[in-house]
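These notes concern the structure reproduced below.
Since every read-out is calculated from the coordinates, none of them should be taken as a lab result. Note that the structure is predicted; figures quoted are calculated from it, not measured. Ideal geometry is used to build each Cβ from the backbone, glycine not excepted, and the neighbour counts take in all protein chains shown.
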Amino acid sequence: MSQRMQQGQPMIVMSEDSQRVKDKDAQDYNISAARAVAESVRSTLGPKGMDKMLVDSMGSVTITNDGVTILQEMDIDNPTAEMIIEVAETQEDEAGDGTTTAVAIAGELLKNAEDLIEQDIHPTAIIKGFHMASEQAREEIDDIAQDVDTDDEELLRSVAETSMTGKGTEVNKEYLAELIIDAVSQVTVENEDGDNVVDLEFLNIETQTGRSAGESDLLEGGIIDKDPVHDNMPTEATDADILLLNSPIEVEETDIDTEVSVTDPDQLQQFLDREEKQLKEKVEQIVDTGADVVFCQKGIDDLAQHYLAKEGILAVRRAKKSDLEFLSEVVGASVVTDLANASAEDLGHGDVTRDDEDELFYVEGEDAHGVTLLLAGSTDHVVDELERGVHDALDVVAQTVSDGRVLAGGGAIEVELASRLRDYADSVSGREQLAVEAFADSLELVPRVLAENAGLDSIDTLVDLRAAHDDGDVEAGLNVFTGDVEDTFEAGVVEPAHAKEQAVTSAAEAANLVLKIDDIISAGDLSTDKGGDEEGGAPGGGMGGMGGGMGGMM
Ligand SMILES: Nc1ncnc2c1ncn2[C@@H]1O[C@H](COP(=O)(O)OP(=O)(O)OP(=O)(O)O)[C@@H](O)[C@H]1O
Ligand SMILES: [Mg+2]
């Protein structure tokens, strides 16, 4: 009976604090939030892109050009904006580079979608058109991409340098590219099918401040950035048996706090003797395994240090867990937890050498399965940005080595894709055709922004590029240094195809996700910062907060 009564009237299911935005308003809200995010990274795109300085609430500073890092560090407080940040994160995970491109394209897709919505084209048609266009774009990328010889060092160098241009890595990019190509080749193996498999797990990056990037180096093996625990220990060991230990060489503490009340000196002595015996036993267990070197993740008691030194064993305490795990690959050891049951089988084999100047140990395995890229930079900020740049370059080189497909950069691929998508649009019927065309226009954002950031006229550039592509010049791109339209592949501006495919796909998916929403129901104010300082109010207020915050930063 009561049920029937409710059917007639609107049922109120939301609390008073909650908010609801529907239809066109919801779309407007979402699109402008997403576009604001995309706008914020645009100025960093390309070799002439600028950097951003991000200051977090604790006052710590990050200076970067890396799209995903900027978005992650920005204190964004908006659910839609966070969906766009996910695009950057997916791009980072899947491809390593191209995060700015992916986000910028997503923003442009939404901008163009907004125009279509204004023309009364239903979002469903736009979504379908975008999806079709992105599928087609992937096929075209595969068709345009060149298959290359993955041993071609010259080409790998171009790929690495293209990725590093305009970043903190720029000044030393030739040298760093050498190191990166070397590093990747050391962790590449050929599988049964003859395909290259690159395992970046075996590549470790260590950073050092106080020196120039040109002093960066590639080491076969790993490093331990610690001192030996005792002065009388050897500092080097060649052909050594190495124990990696993650339990302490200390007196075992009882679980319950025990109070020892000593009534006469003999008792104290007994107690100390017992401790000494325990430590001696542990050291003997180590000696029994045959270890010459112990890298311990936990502490080593003073007395145990003394015994170890007497045995001529090199020991290090409080080594980083990640370093031990990496070393276990380098020297082929297992990380031992239970010393009592450790045996010679758990040990690894290799050479340990000491770098006195930097106060660290180099550990090289017999057939080193693992390399360390030692990145140097003058200060923390410099070296952090260097590391991000090197990471991107490592990923694109690794992709090129395993995938073998590359493209001309500098906007060449985007303009070619746009032109092919416009041809494709002719075969698409209905309103989806307009969406496919809008998709093509969106891709051309890349050369436009590259030109803009280089202080060139973006419209002139695009006109020249389109003309070149109409003439069949598939690799015509913008050389931002000369301002000329030329064959960028020949000029050494080369990108892996996989990263581009990923950027186009994730941009399209994110745009579609945003477009599909016609109703925003929010429990409380429309911000993702729970308990944040933003007062409630209309969603416009929340968004204004975001725009304002970012406006302050840019
Ligand atoms: N010498 C060059 N001339 C013209 N364009 C270049 C040159 N070197 C690189 N590019 C272009 O710059 C773009 C990449 O810029 P950038 O590295 O700033 O952004 P991203 O790779 O999309 O994002 P991020 O590196 O922040 O993850 C690519 O389109 C690439 O082709
Ligand atoms: Mg890049």
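Per residue, the average separation of C-alpha pairs within less than 8 Å and at least 6 apart gives segment 222-369 a relative contact order of 40 percent. Derived value for segment 380-449: Kirkwood hydrodynamic radius 14.7 Å. Basis is the mean of 1/r over every pair of different alpha-carbon atoms.
Between E154 and D142, the simple label model (points 7 Å from Cα in the Cβ direction) yields a spacing of 3.0 nm.
I'd like the Kirkwood hydrodynamic radius of the chain, using the inverse of the mean 1/r over distinct C-alpha pairs, in Å.
After inverting the pairwise mean of 1/r, the radius is 27.1 Å.
Note on V55 and D231: the extension gain reaches 59.1 nm, defined as 0.36 nm multiplied by sequence separation minus the Cα-Cα distance. A 29 angstrom limit on the alpha carbon distance is what I want to check against. Which of K48/K128; K280/K320; K52/K500; K22/K52 exceed it? Over 29 Å Cα-Cα: K48/K128; K22/K52.
Look at where the Cα atoms of segment 387-416 and of segment 98-118 average out, and the two centres are 22 Å apart. Relative to the longest principal axis of the Cα atoms of the chain, the long axis of helix 79-94 lies at roughly 60 degrees. The local environment of L450, defined by Cβ-Cβ distances under 11 Å, has a net charge of 0 under the rule Lys, Arg +1 and Asp, Glu -1.
Axis angle, to the nearest 10 degrees, between helix 497-515 and the longest C-alpha principal axis of the chain: 60 degrees.
In deg cm²/dmol, rounded to 500, what helix-only [θ] at 222 nm does the chain give when every DSSP H run of at least 4 residues adds -39500 (n - 2.57) and the total is split over its residues?
It lands at -16000 deg cm²/dmol.
Between segment 316-369 and segment 443-460, the C-alpha centres lie 51 angstrom from each other.
Around G221, under 9 Å between beta carbons, what's the net of Lys plus Arg minus Asp minus Glu among the other residues?
My count for the surroundings of G221 gives -3.
Among rounded, prolate and oblate, which fits segment 340-413 when a ≥ b ≥ c are the square roots of the eigenvalues of its C-alpha gyration tensor, a/c under 1.5 means rounded, and a/b larger than b/c means prolate?
oblate
Let a ≥ b ≥ c be the square roots of the eigenvalues of the Cα gyration tensor of segment 60-171; is it rounded (a/c under 1.5), or, if not, prolate (a/b larger than b/c) or oblate? Oblate is the answer for segment 60-171, as a/c is 1.5 or above yet b/c matches or exceeds a/b. Taking the average, over residues, of other Cβ atoms within 10 Å as the packing measure, peptides 18-24, 448-454 rank 448-454, 18-24 from highest down. Normalised Debye scattering of segment 222-369 at q = 0.09 Å⁻¹ gives log10 I(q)/I(0) of -0.30, counting only Cα atoms as equal scatterers and leaving out solvent. The simple Förster model, with R0 at 25 Å and r as the Cβ-Cβ distance, assigns E311 and H349 a FRET efficiency of 0.85. Available extension along the chain between S261 and D239 is 3.0 nm, counting 0.36 nm per residue and deducting the alpha carbon span. Model label sites at D519 and E252, defined 7 Å from Cα along the beta-carbon direction, differ in position by 6.3 nm. For the pair N191 and D120, label points projected 7 Å from Cα toward Cβ lie 5.4 nm apart. Given axes a ≥ b ≥ c from the Cα gyration tensor, I'd like to know whether segment 410-449 is rounded (a/c under 1.5), prolate (a/b larger than b/c) or oblate. In terms of gyration-tensor shape, oblate.
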